[in-house]
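J.: First the structure, which I've put down as structure tokens, then a few questions once you've had a look.
The values are calculated or read from the model by the stated rules, or taken from the named source; none is laboratory data. Values in this document were obtained by computation on a predicted structure and should not be read as measured data. Quick reminder, even Gly has a Cβ in these numbers, built from the backbone with ideal geometry, and neighbours come from all protein chains shown. Surface areas here come from the heavy atoms of the whole protein model, side chains and all, with no ligands, DNA or RNA. Shrake-Rupley method; radii C 1.70, N 1.55, O 1.52, S 1.80 Å.
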Amino acid sequence: QTCPVASMKAKEAVTFRPPACQKDLRGFPDDASKAAAHMQERSVPESFAEVAAEILKIVSEMGPVLIGTVNMEFRKRHGKPIDCQRLGFDKLKELILNIPSVYLKSEQRQNGYVDIYVMSRVRMVLEKVLRLV
């Protein structure tokens, strides 16, 4: 077999990616340093402390977020959802209630549904201090 790149023009060869690789590289950063950071982010936190730190990081970066958004963002960063049961909790809500640096806030919508937001205690304190200034 001959290499398909060898028969291409220079411009085509630069942008050529074999079809098998294209699927794996979708959404992958082009810059090498970003690629390394991307791979580090995808390592899955194992302990409760690591998961709690990652949840705080998500909430700190994104602001108050719906509880389901925390799990979606965790999956986006690490390739897997939060495994609450492995950490000893039946639900994500129970896990979050055991993280001292965050808290849950419920808001009733007009249609009767309740939205549950994950909030940062650090941000709450900062906002209170800023109101005093």
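J.: How large is ³J(HN,Hα) for each residue in the range 92-109, as worked out from phi by the Karplus curve 6.51 cos²θ - 1.76 cosθ + 1.60 (θ = phi - 60°), to whole Hz, x for Gly and Pro?
T.: 4, 4, 5, 4, 5, 5, 9, 9, x, 7, 10, 9, 9, 10, 9, 10, 7, 8
J.: Rank these residues by their accessible area, most exposed first, probe 1.4 Å: S120, S60.
T.: Final ranking, largest accessible area leading: S60, S120.
J.: Over 20 Å between Cα atoms, which of K76/K105; K57/K80; K76/K128 qualify?
T.: K76/K105; K76/K128
J.: Ok, one more. Tell me which residues come under 5 Å, amide H to amide H, from V65 once H is placed; ignore anything under 5 positions away on its chain.
T.: Excluding prolines and chain starts, which carry no amide H, the hits are V118.
J.: Something else about it: Taking N as the number of residues in the range 48-131, what is its alpha-carbon radius of gyration divided by 2.2 N^0.38 Å?
T.: 1.11
J.: Considering only DSSP states other than H, G, I, E and B, which trypsin sites (Lys or Arg not before Pro) in the range 66-113 qualify as loop sites with at most 15 other Cβ atoms within 10 Å?
T.: Sites meeting the loop and neighbour criteria: R86, K91, R109.
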